[in-house]
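Reading through the structure tokens given below for one structure.
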């Protein structure tokens, strides 16, 4: 018998031979199936946390920012397209989505510790929360906005003169959406610095 045949017969024996109670092949297949189930469960849970119902499941969001959002064009508009919380606050690609979910744990901590559990506490932290989100959006070049909006897709001739002028200027200056559109879905915080008042 050749060395190759001995080697392959040895591997087959090792995979199929009982090791203690189960064969190595059974353990590998079982681990593979368990891995798929765990991964599928993890992804299902991640997607569940992107649903509007989950986002407004606590009164801090439902009574504050959700009520503001319902008065905006992202909630109700002539085309019937609605952006929900995750469309603006959670990246679509996997790596950035996982980073955002990790960052969101700080928001969960605020819920647990009660730092924003009343309207007054929320308003006191609103500017800090907004500035953190604006910085995140600026750093990503307004990635979530660009999932739906793009300079290339804009028909500037159909825009009002002021909008057209501002979009042309923003494009030339390399600005990103959040540079000019703070407060597009939520009230602007009191005490905003002048440089944020665009």
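The values are calculated or read from the model by the stated rules, or taken from the named source; none is laboratory data. Keep in mind that this is a model prediction, so the values were computed, not measured. For neighbour counting, all protein chains shown are included, and Cβ atoms are generated from backbone atoms with ideal geometry for every residue, glycine included.
Below are the figures for this structure:
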| quantity | calculated |
| --- | --- |
| Top-ranked residue of segment 93-138 - restricted to ones that are in a loop (DSSP other than H, G, I, E, B) and surrounded by fewer than 12 Cβ atoms within 10 Å (Cβ to Cβ), ranked as modelled with the highest pLDDT | 93 |
| Boolean, residue 185 is within 18 Å of residue 83 (Cα to Cα) and under 27 Å from the mean Cα position of the chain (by Cα) | yes |
| Residues of segment 139-198 that turn out to be in a loop (DSSP other than H, G, I, E, B) and within 26 Å of residue 123 (Cβ to Cβ), as a count | 17 |
